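In what follows, a single structure is set out as structure tokens and then discussed.
The values are calculated or read from the model by the stated rules, or taken from the named source; none is laboratory data. Since we're looking at a predicted model, the values are computed, not measured. With ideal geometry, Cβ positions are generated from the backbone for all residues, glycine too; neighbour counts draw on all protein chains shown. Side chains are part of the model used for accessible areas, which takes the heavy atoms of the whole protein and leaves out ligands, DNA and RNA. Shrake-Rupley method; radii C 1.70, N 1.55, O 1.52, S 1.80 Å.
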Amino acid sequence: MSAPAICTRDVTRDFQAGQQTITVLHGIDLDIKAGEMTFLVGESGSGKTTLISIMCGILWPTLGEVKVFGTDIYDLPDDELVEFRLQNIGFIFQQYNLIPAIDAASNAAVPLIAQGMDRAEAREKAVAMFEKLNIADQADKLPSQLSGGQQQRVAIARALVHEPRLVVCDEPTAALDAASGRRVMDLLREVAVAEDRACIIVTHDNRIFDMADRILVLEDGKVIHDGKTMPETH
Amino acid sequence: MIWIAIRMLTGDPQKFFGLVFGIAFSTLLITQQLTIFVNLLNLGAAGVYNNGNGEVFVMDPASVTTDVTYPMPSTALDAVRSVEGVDWAVPQLRSAAAVRTAQGDLEQVVIVGVDDATLTGMPKRLVEGDKSDLRTPDTVMVDDVGATRMFPGLDPMGQVLELNDQRVVIGGITDTVPGFASTAVFYTTYSRALRYIPGTRNRMSLVIAQPVAGITPSQLVDKIEAETGLKGRTREEFTRDGIDFIIANTGIPFNFGITVALGFVVGVAIVGLTFSLFIRDNIKQFGALKAIGVTNRQIRKMVAAQAGLVGFIGYGFGVLATVGTMWAFSSNPFFKGFFVPWQVPLISLAAVIVILALTALLALRTVFNTEPAAVFR
Ligand SMILES: Nc1ncnc2c1ncn2[C@@H]1O[C@H](COP(=O)(O)OP(=O)(O)OP(=O)(O)O)[C@@H](O)[C@H]1O
Ligand SMILES: [Mg+2]
């Protein structure tokens with residue numbers, strides 16, 4: 001049995017709201033495996049985004065430990081954590097956050113360019129990724145010239161172009177109709193899930209729950225369900 | 001990443017041009033105003049520049065500049081000539097006078113009487129006529145800027161004027177640096193100047209002297225001062241005196257200081273505001289880059305590249321615009337001989353760098369304060 005891709009121990013996160021301290025996550029212990037698609041579901045405000053942010057190294061837990069592929073990421077010095085994210089993590093943001101002034105392929109190539117790869121070479125790899133996503137013909141277009149769905153595929157390409165070992169994705173289907181949502185999920189399963197890669201998807205879209213390999217339900221900052229399918233009550 | 005930074009900036013043409021405009025405008029204002037400032041101050045030394053020869057100026061200890069002199073007795077000339085190390089020394093008379101033009105207008109002018117024998121004290125170049133024409137009876141020569149002002153639309157040559165009841169004829173036009181007071185300057189011989197200007201026993205304003213080879217002007221100044229009790233100044237010192245007099249006695253430094261400061265403040269305001277708007281518009285993208293794993297060092301370089309590009313283009317346009325305006329005004333006689341001292345573009349460059357550094361630091365603070373976790377919200 002191989003070690004888990006992500007391992008959280010007693011992860012707790014507080015936020016300061018004025019005088020009050022609110023605890024958003026209460027001692028989360030999770031092991032997440034590579035090679036499958038893990039859904040993080042729960043009602044609005046249950047702490048999904050907070051948890052995924054902590055698991056991918058962009059939000060410090062108040063307490064607890066997070067290991068990503070064996071590395072205790074919050075034990076790293078700041079600049080090493082940044083470098084760790086650059087090498088190991090692919091992000092798919094809900095709002096895509098593409099850079100409007102550069103074309104689609106360059107946008108998708110950003111992680112490689114940031115790693116120091118030559119721009120032309122990085123773009124080539126991005127275009128290769130576009131082929132898998134069926135948007136190779138859009139490579140030279142600016143984000144504003146693409147449809148929302150195409151922009152999302154560019155964002156997916158950007159998350160995968162540098163072959164990260166962990167892919168995180170916040171609400172990929174929130175803005176899509178049921179059919180498009182399923183298509184994107186199929187696509188993600190096809191390109192993002194791999195033997196040595198963990199893929200975590202935050203969603204509260206019940207139309208796609210059947211596509212998960214594992215579902216974790218969060219409620220008030222605690223994991224209340226962990227299984228292949230949703231619990232009956234939902 | 002620098003390429004991405006540049007594209008981010010140029011991809012927003014309105015802000016990009018706003019930034020370039022802000023820098024160009026500041027550069028123009030600072031460069032142009034400093035240039036005019038320096039040149040205006042320089043006018044205070046016009047009387048020195050227009051003295052074609054002689055490295056040492058000797059005067060009464062009370063005298064300050066070529067235009068603020070206390071007359072000396074004529075024996076001062078012999079006293080200077082007898083100092084060892086003086087190659088030659090000539091007298092000069094400088095005084096205000098009123099002339100009446102043929103049209104009957106009364107004008108205030110400056111009379112400069114130069115050495116009869118050698119004509120030393122005349123400007124180096126003439127626009128019209130020949131220096132030796134000064135020996136023709138009743139002839140005076142007028143400076144070019146004064147000539148265009150006194151005789152608009154007329155040929156100054158041959159114009160007859162009345163100078164303290166005596167008839168004078170314009171027989172030449174000198175090529176000179178206009179003076180600060182912007183009165184016309186009439187050149188004549190020393191002996192005739194004595195006649196034109198009624199006065200007291202002591203009439204000599206300056207003695208202009210030249211050291212023999214092997215003695216520096218300042219050594220000669222020391223000797224003359226020690227032996228004659230008069231005040232001596234080297235050409236350089238006397239130039240400086242003229243400039244200092246303007247600084248001490250006019251509001252010019254203050255007024256120009258205000259405009260230059262304004263150029264700086266306007267630059268900071270336009271550039272600072274536009275740049276922070278630009279950063280704010282792109283904060284999501286910067287946040288995404290930070291999450292993906294772009295280091296603060298790389299972001300610093302990106303912002304520096306953006307500021308650098310704006311500075312480079314804006315400064316270039318600003319300097320071009322300055323040269324353009326100077327060129328456009330060059331036909332105005334007031335601006336005759338104006339030049340851009342090499343220090344001025346460097347000063348405005350320094351101002352541009354400070355403006356952009358302030359702006360970039362502010363922008364970086366905004367970016368650094370953005371939590372990468374904000375991208376999921
Ligand atoms: N930076 C913050 N400062 C203060 N409170 C915060 C901050 N981020 C999140 N919270 C609070 O933490 C709780 C959980 O937020 P989180 O974004 O993790 O929920 P979520 O499950 O992703 O909800 P949604 O489905 O609406 O996205 C909320 O009550 C929220 O108000
Ligand atoms: Mg959320």
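For a straight C-alpha distance cut-off of 27 angstrom, the lysines reachable from A:LYS48 (same-chain residues fewer than eight places away being disregarded) are A:LYS33, A:LYS67, A:LYS222, A:LYS228, B:LYS284, B:LYS290. Computed 3J(HN,Hα) for segment B:124-131, one whole-Hz value per residue from the Karplus formula 6.51 cos²θ - 1.76 cosθ + 1.60 where θ = phi - 60°, is 5, 10, 10, 7, 9, x, 10, 3, glycine and proline marked x.
Residues with beta-carbon under 13 Å from that of B:PHE275, excluding B:PHE275: net charge, scoring Lys, Arg +1 and Asp, Glu -1? Spelling it out: positives minus negatives among the neighbours equals +1. Placing +1 on each Lys and Arg Cβ and -1 on each Asp and Glu Cβ, with no other charges, gives segment A:149-234 a dipole about its Cα centre of roughly 260 debye. Annotation: amide H-H contacts under 5 Å for A:VAL167 (H modelled 1.01 Å from N, sequence separation of 5 or more, or interchain): A:GLY90, A:ALA198, A:CYS199, A:ILE200. For segment B:207-315, the ratio of Cα radius of gyration to the globular rule of thumb 2.2 N^0.38 Å stands at 2.16. When shorter helices are ignored and each DSSP H run of at least 4 residues is given -39500 (n - 2.57), the per-residue value for the protein assembly as shown at 222 nm works out to -14000 deg cm²/dmol. Here the Gaussian network model covers chain A, with springs between Cα atoms less than 10 Å apart; of A:ALA157, A:ALA105, A:ALA136, A:ALA136 fluctuates the most.
Among DSSP bridges having both ends in the protein assembly as shown, what percentage is antiparallel? Round to the nearest 5.
65 percent
The alpha carbon convex hull volume per residue for the protein assembly as shown rounds to 241 Å³. As I understand it, the value is the acute angle between the Cα axis of helix A:78-88 and the longest principal axis of the Cα atoms of chain A; what does it come to in degrees, rounded to 10? So the inclination is approximately 60 degrees. Using the Cα coordinates of chain B, the gyration tensor eigenvalues translate into equivalent-ellipsoid semi-axes of 59, 23, 15 Å, sorted from longest to shortest. Once backbone amide H atoms are built at 1.01 Å from N, A:GLN94 has A:ASP170 as its partners under 5 Å, excluding neighbours fewer than 5 places away on the same chain. Near B:ALA184, the amide H atoms lying under 5 Å from its own belong to B:VAL110; only residues 5 or more places off or on other chains count, and H is placed 1.01 Å from N. Give the accessible area for B:THR366 in Å² (nearest 10); use a 1.4 Å probe, count only protein heavy atoms, and leave out ligands, DNA and RNA. Its heavy atoms expose roughly 40 Å² to the probe. Taking a span of 20 Å or more along the helix axis (Cα atoms) and a mean Kyte-Doolittle hydropathy of at least 0.5 as the rule, the DSSP H helices of chain B that qualify are B:13-43, B:252-281, B:296-329, B:343-369. For segment A:1-126, the average shadow cast by the Cα convex hull is 10.3 nm², which is a quarter of the hull's surface. Computed 3J(HN,Hα) for segment A:36-49, one whole-Hz value per residue from the Karplus formula 6.51 cos²θ - 1.76 cosθ + 1.60 where θ = phi - 60°, is 9, 9, 9, 9, 10, 10, x, 6, 4, x, 7, x, 4, 5, glycine and proline marked x. For segment B:80-130, the convex hull spanned by the alpha carbon atoms encloses 117 Å³ per residue. With all pairs of separate Cα atoms included, segment B:73-229 yields a Kirkwood hydrodynamic radius of 16.5 Å. Evaluate the distance, in nm, between pseudo-label points positioned 7 Å from the Cα of B:ARG195 and of A:LYS141 along their respective Cα→Cβ axes. That separation, rounded to one decimal, is 9.5 nm.
Secondary structure note: in chain A, about 55% of the DSSP beta bridges are antiparallel. Counting only DSSP beta bridges with both residues in chain B, the antiparallel share comes to about 75 percent.
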